[in-house]
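> Would you mind keeping the following structure in view while I ask a few things?
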Amino acid sequence: MAQHIQIKIIFGLCLLANVFFWSHFRSTQAEWLNVPPVPSERVAVAFGFGDEQFAYRNIALMIQNLGDSGGRSRSLDDYNYEELAKWLELQYELDDRSKVMPYLAAYYFGAVQTPQKLVPVIAYLENVGSVGVDEKWRWLAQAIYLARYRLEDMDWALRMAGQLSALQTKIEDMPVWAKNMHVMLMSASGEKEAALDIMLQTLESERDKMEPQEILFIADYICNQILTPSESAQMPLCIQLENQ
């Protein structure tokens, strides 16, 4: 009988403790701590049980869901982009060929409402895209777009566009728009004469090595983007293009 009473007392105490904790903590919600501090590469690999690819995938999943906590979603504008860029760089150290992180940086985090927050993300994409292997040059092109149209930093965009154009010596199938992006940006920034001179020299020196569509692209850009209609009407190249 005494044993049954003890059980009831213990049960009652547990119930009271449960009510006490519920009444004091029922309004407490999970607190979002923003982007956590980035570990060293060695520590990150340890969390992946020594497997770099496993660590890479775990971290990629974490980064993708950073803003979801306690049933609430945070705006991209709330993220600490300086810390976020450190995680992106860590991922690049773990796997420099994967497209997952550059894709998230360019098309997900690149949509942040405050353009100034993009600076470390653009720097990351510039670093990844300037390597000149596989299709990574496309991340450099995306960095140029973000710098030019979101950040409105023409100087940075021009500098990266020069890097992109230089990669054509390593990449045979780079499209003509990428090869000539620096010229197009020069034209847009008011350096019209310099852009025209580079385009004309390209046609003169590289015509034999270029595909017909590349020649047509450059001629069309000269006549319809760089030159005014009156200037275009006086240039033999544009007259020939018009008569085709």
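> Just add up the charged neighbours of C238: K/R +1, D/E -1, any other residue whose Cβ is under 12 Å from the Cβ of C238.
Working: positive: none; negative: D220, E231, E242.
Residues near C238 contribute -3 overall.
> Let me ask something else about it. Quick one: dipole size for the range 59-156, taken about the Cα centre, charges +1 on Lys/Arg Cβ and -1 on Asp/Glu Cβ, in debye to the nearest 20.
280 debye
> Still on this structure, I have one more. For the pairs K136/K179; K170/K209; K136/K192, note any where the Cα-Cα span goes beyond 22 Å.
K136/K192
> Expected output is a single nm value to one decimal: the length gained when fully extending between L13 and M235, i.e. 0.36 nm times separation in residues minus the C-alpha distance. What is it? Can you show the working numbers first?
Numbers: separation 222, 0.36 × 222 = 79.92 nm, distance 9.49 nm.
Extra length from L13 to M235 when fully extended: 70.4 nm.
> While we're looking at this one, here's another question. In what sequence, largest accessible area first, do R97, R74 appear using a 1.4 Å probe?
Output order, biggest surface exposure first: R97, R74.
> Can you pull out the GluC sites (Glu not before Pro) in the range 49-121 whose DSSP state is coil and whose Cβ has at most 13 other Cβ atoms within 10 Å?
Sites meeting the loop and neighbour criteria: none at all.
> Along the Cα→Cβ direction, 7 angstrom out, place labels at M62 and T114. What is the inter-label distance in nm?
2.4 nm
> Find out how many positive minus negative residues lie around R57, taking Lys and Arg as positive, Asp and Glu as negative, among other residues whose Cβ is under 12 Å from that of R57.
On the way: positive: none; negative: D51, E52, D95.
Overall, the nearby charge balance is -3.
> With n ≥ 4 as the cut-off for DSSP H runs, can you work out [θ] at 222 nm for the chain, using -39500 (n - 2.57) per run divided by the number of residues, rounded to the nearest 500?
Working: 14 runs with 148 residues, N = 244.
Value at 222 nm, helices only, nearest 500: -18000 deg cm²/dmol.
> Once label points are set 7 Å from the Cα along Cα→Cβ at both A123 and D155, what is their separation, rounded to one decimal in nm?
1.6 nm
> Write out the cysteines belonging to the chain for which the nearest other cysteine Cβ is not under 4.7 Å, or none if no such cysteine exists.
By the Cβ distance rule, which asks for a partner under 4.7 Å, the isolated cysteines are C14.
> So what's the Cα pair-distance distribution over the range 74-199, bin width 5 Å, in %?
Values per bin, smallest distances first: 2, 11, 22, 21, 19, 13, 7, 4, 1, 0.
> A follow-up question, please. Where only protein heavy atoms count, and the probe is 1.4 Å, what is the accessible area per residue for the chain in Å²?
Accessible area per residue, the chain: 61 Å².
> Note the full-extension length gain between K209 and S73 as 0.36 nm times their separation in residues minus their Cα-Cα distance, in nm to one decimal.
43.7 nm
> For F54, F217, F49, F109, give the ranking by accessible area with the largest first, probe 1.4 Å.
On the way: F54 90, F217 65, F49 175, F109 0 Å².
Descending accessible area places them as F49, F54, F217, F109.
> Kindly state, to the nearest 0.05, the FRET efficiency for I5 paired with R97, given R0 = 45 Å and r defined as their beta-carbon distance.
With a Förster radius of 45 Å, E is 0.05.
The values are calculated or read from the model by the stated rules, or taken from the named source; none is laboratory data. What you see is a predicted model; the values in this text were computed from it and never measured. Every residue, glycine among them, receives a Cβ derived from its backbone with ideal geometry; neighbour counts consider all protein chains shown. Please note that ligands, DNA and RNA were not included when accessible areas were found on the heavy atoms of the full protein model with its side chains. Shrake-Rupley method; radii C 1.70, N 1.55, O 1.52, S 1.80 Å.
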